[in-house]
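Worksheet for the structure shown next.
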Ligand SMILES: [Zn+2]
């Protein structure tokens with residue numbers, strides 16, 4: 001089975017957590033949690049710690065927790081970096097997405113009966129596909145924010161290419177180092 005990374009984001013990376021969930025990756029995030037507890041959960045649940053705190057990053061490495069230090073918190077750059085380091089997909093998969101609010105796998109549906117009691121009639125009439133969160137009961141659809149989602153993922157894929165074009169020549173130099 002391929003390795004599917006799971007994450008835990010520090011308090012400064014809530015926006016990244018939401019995006020990773022949207023892309024289908026199990027990501028824990030707490031608005032307020034102490035560093036020790038964050039490390040403990042990461043270790044026990046074999047999660048990759050994403051942090052903007054260099055001190056916490058070093059402690060994680062010392063404690064045997066996989067961690068990624070995030071220097072530039074812009075979401076496109078962070079997603080590009082995580083995609084290179086941990087091979088996450090930068091494509092939205094409508095059958096495999098998690099609730100941005102609570103990290104629960106969303107149920108994709110085209111059945112109006114399932115969602116009509118929970119959202120406004122105009123929305124029910126306007127859209128054909130919906131996602132329901134079985135845990136927090138939120139309903140999602142491809143509304144106006146959808147354009148933003150596609151744009152951000154487009155830019156993230158471009159950032160990924162940019163980073164790869166910078167690191168590839170370096171890797172070649174390293175691997176040819178002995179020749
Ligand atoms: Zn939810």
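The values are calculated or read from the model by the stated rules, or taken from the named source; none is laboratory data. Not measured: the values here are computed from a predicted model. Reconstructed Cβ throughout: ideal geometry from the backbone, glycine too, with neighbour counts over all protein chains shown.
All but one of (1) within 16 Å of the ligand (Cβ to nearest atom); (2) in contact with a helix residue (DSSP H, G or I) (Cβ under 7 Å, 6 or more places away or on another chain) hold for residue 112; state the number of the condition that does not hold. Against the list (1) within 16 Å of the ligand (Cβ to nearest atom); (2) in contact with a helix residue (DSSP H, G or I) (Cβ under 7 Å, 6 or more places away or on another chain), residue 112 comes up short only on (1). Of the helices (runs of 4 or more DSSP H) lying entirely inside region 1-90, those containing at least 3 residues that are over 10 Å from the mean Cα position of the chain (by Cα) and free of Cβ contacts under 8 Å to residues at least 60 places away in the same chain are 35-44, 54-62.
Let's see how each residue does on (1) within 16 Å of the ligand (Cβ to nearest atom); (2) modelled with pLDDT of 95 or more:
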position: 39; (1), (2): no, yes
position: 48; (1), (2): no, yes
position: 58; (1), (2): no, yes
position: 64; (1), (2): no, yes
position: 73; (1), (2): no, no
position: 82; (1), (2): no, yes
position: 88; (1), (2): no, yes
position: 97; (1), (2): yes, yes
position: 106; (1), (2): yes, yes
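A single entry from 175, 150 fulfils the requirement of being at pLDDT below 95 and surrounded by 10 or more Cβ atoms within 10 Å (Cβ to Cβ): 150.
Checked against the criteria, residue 119 counts as within 16 Å of the ligand (Cβ to nearest atom), in a loop (DSSP other than H, G, I, E, B) and either over 27 Å from residue 31 (Cα atoms) or modelled with pLDDT of 95 or more (or both). Screening residue 9 against (1) out of contact with any strand residue (DSSP E or B) (no Cβ under 6 Å at 6 or more places or on another chain); (2) modelled with pLDDT of 95 or more leaves a single unmet condition, (1).
In summary, residue 110 fulfils each of the numbered conditions (1) more than 20 Å from the chain's Cα centre (by Cα); (2) modelled with pLDDT of 95 or more with the single exception of condition (2).
Within region 122-133, the set of residues being within 16 Å of the ligand (Cβ to nearest atom) and either touching a helix residue (DSSP H, G or I) at 6+ places or on another chain (Cβ under 8 Å) or assigned to a loop (DSSP other than H, G, I, E, B) (or both) comprises 130, 132, 133.
Take the conditions (1) within 16 Å of the ligand (Cβ to nearest atom); (2) under 30 Å from residue 40 (Cα atoms); (3) modelled with pLDDT of 95 or more; residue 137 misses just one of them, which is (3).
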